[in-house]
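Please read the structure below before turning to the comments.
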Amino acid sequence: MKTPLWQALAAHVEKAPFSTHTPGHKSGHLIPSALKEAWGEAVWHYDLTEVPGLDNLAHPEAALKESMEEWARERECAYVQYLLGGTSLGLKAAILALCRGKEVFVPRHAHGSIYQGIVLAGATPVPPEVEFDPELGIPLGVAPETFQEALCCHPDCKVMVLVHPTYHGITADNATLLQMAHAYGVTTIVDAAHGAHFTSDVTPPSALALGANVVIESAHKTLPCLTQATVMLIGDAALVEPLRAAVGLLHTTSPSYLLMASLEAAGAWLSEEGDAVMADGVRQIGLLEAALAGNPHLHVARHPYWKQDPFKVYLISPHAGGEAISDALAARGVTAEMSDGRGCLLMMPLDGGTRELREAIVAAAHDLAAVTTEIPHPCYLTGRPQTVLSLSEAWLAPRTTKPLCEAVGEVAAAVFEAYPPGIPLLLPGERITEQVLRAWTDSGRDAHAPVDVLTDA
């Protein structure tokens, strides 16, 4: 894969040493001493803006256009749009473009940003029931028969949001769901924030390869690039212009060329080295799982019916909760992605990590021998909360803040969620019940957690 943006940046740095344009550090002329010591000088020269020769993300015609076309060729789609606001921005833009005033299928384990997009679009969410692992409380996805029922009950709903993979790396039976959506003429928007690396034989297939219409991938979550760097992959050429228009409404007009250059470089890395690196990475992670096999204090939770990202390693213990596992890992220098009540999630490097990393995890497992904690219940609800007011009406209504334990009977005015992973326990407009309070506190969380409630409901 070619890197035209990087070449344009390098050429500009070589020929134009004097900056009288934004940003304020003037291509490294003024650098705070602490940052200069920590980061050096070179990176500042490449932190540029839309000067001649570097193209314009809002109207790409040269280096940026060529760079995004390279991505599109590699991923075999109609168009690729660079985004610098994470998958959250891309999802909002997609919903705004395709769902204005319409119903949209949204599973309950969707990220909170999707509901923000629904508010912006004045859309109405239709929530198919989500299956959860009963022991771990991990959302698995929507069963095909559940989606079939939703399609029959809402024949006018022609847009679906799908999560592929989940935060824990699970893809469930999304291939069947996408086939069903196409059969019913339903356009699919896929939150693939954690699936940018799904291009290899050792990973599940990408949502794009399964036929999704619009896929947003947080490249920065799994690929070697800078935070916020994201791609929107558009499989249907007819959707390119409305999606670009919606992105223009939400995207910054001062895009970081450092972020975009790192995104381009990550695409080239994925094309040229990704398969080999990930194949070896899976072997290395296999060594970790083998080292933990039979350990009475810590093991990797994988089940045969899960279609799972091999680089997501969810650790559980029979006598310690997720926070204790995270603490044991931290004491060995390992920072986990997330801990919930039951377990601790690691996002392993695509090369599988070093031997030292594996040894630190195994050592943490032995450290847990002396640790016993209460294992909280998973934090999720069975069934749907009572909806009192529409999502959009509640989001913009007058509100106040109360401790959750004092808000039973009130109506939520904002998304109430544990973050990460950012999956709503309550949506705006839904009634706060004793069941909600129990689900929250039984998972080890504070009953006095603040919750926004409507003042007039």
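The values are calculated or read from the model by the stated rules, or taken from the named source; none is laboratory data. The structure displayed is predicted, hence computed values, not measured ones. So basically every Cβ, Gly included, is an ideal-geometry build from the backbone, and we count neighbours across all protein chains shown.
For (1) touching a strand residue (DSSP E or B) at 6+ places or on another chain (Cβ under 6 Å); (2) in contact (Cβ under 8 Å) with a residue 12 or more places away in the chain; (3) within 18 Å of Gly112 (Cα to Cα), each residue gets a yes or a no:
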{"residue": "Thr401", "(1), (2), (3)": "yes, yes, no"}
{"residue": "Leu404", "(1), (2), (3)": "yes, yes, no"}
{"residue": "Ala412", "(1), (2), (3)": "yes, yes, yes"}
{"residue": "Glu430", "(1), (2), (3)": "yes, yes, yes"}
{"residue": "Ala439", "(1), (2), (3)": "no, yes, no"}
{"residue": "Ala447", "(1), (2), (3)": "no, yes, no"}
{"residue": "Asp452", "(1), (2), (3)": "yes, yes, yes"}
{"residue": "Asp456", "(1), (2), (3)": "no, yes, no"}
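Kindly indicate the residue of region 114-124 that is more than 19 Å from the chain's Cα centre (by Cα) and within 19 Å of Leu89 (Cβ to Cβ) and also surrounded by the fewest Cβ atoms within 10 Å (Cβ to Cβ) among those meeting that condition.
Gly122
The conditions are (1) buried (at least 23 other Cβ atoms within 10 Å of the Cβ); (2) free of Cβ contacts under 8 Å to residues at least 60 places away in the same chain; (3) of a type outside the set (A, V, I, L, M), and Glu69 fails exactly one of them. Which is it?
Going through (1) buried (at least 23 other Cβ atoms within 10 Å of the Cβ); (2) free of Cβ contacts under 8 Å to residues at least 60 places away in the same chain; (3) of a type outside the set (A, V, I, L, M) one by one, Glu69 breaks only (1).
Between Pro134, Pro128, which is modelled with pLDDT under 95 and touching a strand residue (DSSP E or B) at 6+ places or on another chain (Cβ under 7 Å)?
Exactly one of Pro134, Pro128 is modelled with pLDDT under 95 and touching a strand residue (DSSP E or B) at 6+ places or on another chain (Cβ under 7 Å), namely Pro128.
Run Ala172 past the list (1) closer than 28 Å to Met348 by Cα; (2) in contact with a strand residue (DSSP E or B) (Cβ under 7 Å, 6 or more places away or on another chain); (3) hydrophobic (A, V, I, L, M, F, W, C); (4) without any contact (Cβ under 8 Å) to a residue 40 or more places away in the chain and report the number of the one that doesn't hold.
Every listed condition holds for Ala172 apart from (4).
Test each condition in (1) within 19 Å of Asn295 (Cα to Cα); (2) over 23 Å from the mean Cα position of the chain (by Cα); (3) not hydrophobic (A, V, I, L, M, F, W, C) for Arg384 and report the one that comes out false.
Here Arg384 clears every test but (1).
I'd like the residue in region 360-413 that is of a type in the set (Asp, Glu) and more than 30 Å from Ala121 (Cβ to Cβ) and, out of all such residues, is surrounded by the fewest Cβ atoms within 10 Å (Cβ to Cβ).
Glu374
Inside region 267-298, can you point out the residues that are in contact (Cβ under 8 Å) with a residue 40 or more places away in the chain and touching a strand residue (DSSP E or B) at 6+ places or on another chain (Cβ under 9 Å)?
Those that are in contact (Cβ under 8 Å) with a residue 40 or more places away in the chain and touching a strand residue (DSSP E or B) at 6+ places or on another chain (Cβ under 9 Å): Gly267, Ile285, Leu288, Leu292, Leu298.
Between a residue in region 356-367 that is in contact (Cβ under 8 Å) with a residue 24 or more places away in the chain and any residue that is β-branched (Val, Ile, Thr), which pairs come within a Cβ distance under 8 Å, given they are 6 or more apart or on different chains?
Listed by first residue and then by second, the contacts come to Ala360/Val334; Ile361/Val334; Ala364/Ile325; Ala364/Val334.
Here is a yes/no grid of residues against (1) modelled with pLDDT under 95; (2) surrounded by 20 or more Cβ atoms within 10 Å (Cβ to Cβ); (3) not polar (S, T, N, Q):
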{"position": "Val313", "(1), (2), (3)": "no, yes, yes"}
{"position": "Ser326", "(1), (2), (3)": "no, yes, no"}
{"position": "Arg332", "(1), (2), (3)": "no, no, yes"}
{"position": "Met338", "(1), (2), (3)": "yes, no, yes"}
{"position": "Leu346", "(1), (2), (3)": "no, yes, yes"}
{"position": "Asp351", "(1), (2), (3)": "no, no, yes"}
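Considering only region 221-230, I want to know if a residue exists there that is in the same structural domain as Tyr167 (by TED's automatic domain parsing) and within 21 Å of Trp306 (Cβ to Cβ).
Yes, there is a match, as at least one residue in region 221-230 is in the same structural domain as Tyr167 (by TED's automatic domain parsing) and within 21 Å of Trp306 (Cβ to Cβ).
Working carefully through the options Pro139, Pro125, Pro134, find the one that is free of Cβ contacts under 8 Å to residues at least 60 places away in the same chain and in the same structural domain as Thr222 (by TED's automatic domain parsing).
Among Pro139, Pro125, Pro134, only Pro134 is free of Cβ contacts under 8 Å to residues at least 60 places away in the same chain and in the same structural domain as Thr222 (by TED's automatic domain parsing).
On the given criteria, is Ala94 closer than 21 Å to Gly235 by Cβ, modelled with pLDDT under 95, of a type outside the set (Phe, Trp, Tyr) and touching a strand residue (DSSP E or B) at 6+ places or on another chain (Cβ under 7 Å)?
no
Which count do you get for residues in region 330-353 that are small (Gly, Ala, Ser), over 22 Å from Gly169 (Cα atoms) and part of a loop (DSSP other than H, G, I, E, B)?
So the count comes out to 1.
Select from region 92-105 the residues that are touching a Ser or Thr at 6+ places or on another chain (Cβ under 8 Å) and in a strand (DSSP E or B) and write down the one among them that is surrounded by the fewest Cβ atoms within 10 Å (Cβ to Cβ).
Among those that are touching a Ser or Thr at 6+ places or on another chain (Cβ under 8 Å) and in a strand (DSSP E or B), it is Glu103.
Only one of Leu258, Leu270, Leu226, Leu243 is over 20 Å from the mean Cα position of the chain (by Cα), surrounded by 14 or more Cβ atoms within 10 Å (Cβ to Cβ) and of a type outside the set (Ser, Thr, Tyr). Can you tell me which?
Criteria check complete, one pass: Leu258.
Taking the condition in a helix (DSSP H, G or I), more than 25 Å from Pro139 (Cβ to Cβ) and among the β-branched types (Val, Ile, Thr), does Val277 pass?
Answer is yes for this residue.
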